[in-house]
1. Please tell me if A125 is modelled with pLDDT of 95 or more, part of a loop (DSSP other than H, G, I, E, B) and in contact with a Gly (Cβ under 7 Å, 6 or more places away or on another chain).
2. Cβ-Cβ below 9 Å, separation at least six or inter-chain, first residue in the stretch 131-155 and under 18 Å from S187 (Cβ atoms), second of a type in the set (K, R) and surrounded by fewer than 17 Cβ atoms within 10 Å (Cβ to Cβ): which pairs?
3. So how many residues does the stretch 199-236 have that are outside any helix (DSSP H, G or I) and aliphatic (A, V, I, L, M)?
4. Write out, first by first residue and then by second, each pair whose Cβ atoms fall under 6 Å of each other, whose residues are 6+ apart or on separate chains, and whose first residue, in the stretch 25-46, is open to solvent by 50 Å² or more (accessible area, probe 1.4 Å) while the second is in a loop (DSSP other than H, G, I, E, B) and at pLDDT 90 or above.
5. Residues that are closer than 16 Å to D171 by Cβ, open to solvent by 30 Å² or more (accessible area, probe 1.4 Å) and either in a loop (DSSP other than H, G, I, E, B) or in contact (Cβ under 8 Å) with a residue 12 or more places away in the chain (or both): does the stretch 76-84 have at least one?
6. Considering only residues that are in a helix (DSSP H, G or I) and over 12 Å from N131 (Cα atoms), look in the stretch 47-75 and name the one that is most open to solvent (accessible area, probe 1.4 Å).
7. Which of the residues belonging to the stretch 190-249 are β-branched (V, I, T) and open to solvent by 20 Å² or more (accessible area, probe 1.4 Å)?
Amino acid sequence: MTTTGAGAELRRAKPSERERERPEDTERPLPGPGIGVELTLQQELACALRILAGTGFGEHIAGHITWADDVTPNLWANPWGKWWEEVQASDIVAVDPDGHVVAGQWDVTPAVFLHTELHRVRPDARVVIHNHPYYATLLAAMGEAPRLVHQNACIFDGELGVVDEYDGSIDDASSGARLAERVGSASGVLLVSHGVIVTAPTIQEATYKAVTFERMCRMTYDVLRAGREPVEIPAPARAEMKALLKRNAPRVHWEGAVRQLLRDEPEVLQ
């Protein structure tokens, strides 16, 4: 509603206390409630594993997340043999660039080379997530790339890929290097007959993108299953939405997901 007259002029001339105190900030929205505690890297990685497991991104013993250390050449990773749902901070292990465990009480996945070689050639991919979420794997089995049918999927604009050749298990550095070459610069990749890889510079962005990737795949599948052709967001609108999402979504999603996790499963920090 538009208001005119002296009363409107008075309100503009004398803003409320809240308006006077609010800083001019072009990077809105302003910070939210946060998490309430400061987490270590190991605690954050354990939280990411449980958050993604709770959204259906995990598959039993399968899947791994690695996080490149910003001080040493090592990678932090979830342990082999523990389901994502049960990992605690004390379970997180460190591996060197060649996949050897250098810290922690557990071993790592035999497919660690899927990560080491991708980290080696992609400094921007500080976090690499791999697993077999149902709808992403279903599209991979169909040879169908996910479509940008919802605005949140725009975070992957220009960053989607499909590796359409199945080479079996990634169990040595050479097979990992071949896969890394096929992944290229993409941050969301379907692996035919296998699963998905998601990369990001931070654990917050990686977690949000992984959740968004699987949801994007489910939407694509459901539209195709309904016998309709997915209506994708027009290319000119994607870049602005992508920038908005990258700036605002990962932190807010992360903080909310961690708050709920710590309320229900506080032992994850142990």
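The values are calculated or read from the model by the stated rules, or taken from the named source; none is laboratory data. Every value quoted in this text rests on a predicted model; they were computed, and no experiment measured them. Cβ: placed from backbone, ideal geometry, glycine included. Neighbour counts: every protein chain shown. Side chains included, ligands, DNA and RNA excluded: accessible areas come from the protein's heavy atoms. Shrake-Rupley method; radii C 1.70, N 1.55, O 1.52, S 1.80 Å.
1. No, not satisfied.
2. Qualifying pairs under 9 Å: I155/K246.
3. 4
4. Q42/I92
5. yes
6. Top of the filtered list is G54.
7. Once the filter is applied, which keeps residues that are β-branched (V, I, T) and open to solvent by 20 Å² or more (accessible area, probe 1.4 Å), the stretch 190-249 yields V192, T202, V211, V223, V231, I233.
Conditions tested, residue by residue: (1) of a type in the set (K, R); (2) more than 23 Å from I61 (Cβ to Cβ); (3) not in a loop (DSSP other than H, G, I, E, B).
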residue: L139; (1), (2), (3): no, no, yes
residue: N152; (1), (2), (3): no, yes, yes
residue: V162; (1), (2), (3): no, yes, yes
residue: E165; (1), (2), (3): no, yes, no
residue: I170; (1), (2), (3): no, no, no
residue: S175; (1), (2), (3): no, no, yes
residue: L179; (1), (2), (3): no, no, yes
residue: S185; (1), (2), (3): no, yes, no
residue: L190; (1), (2), (3): no, no, yes
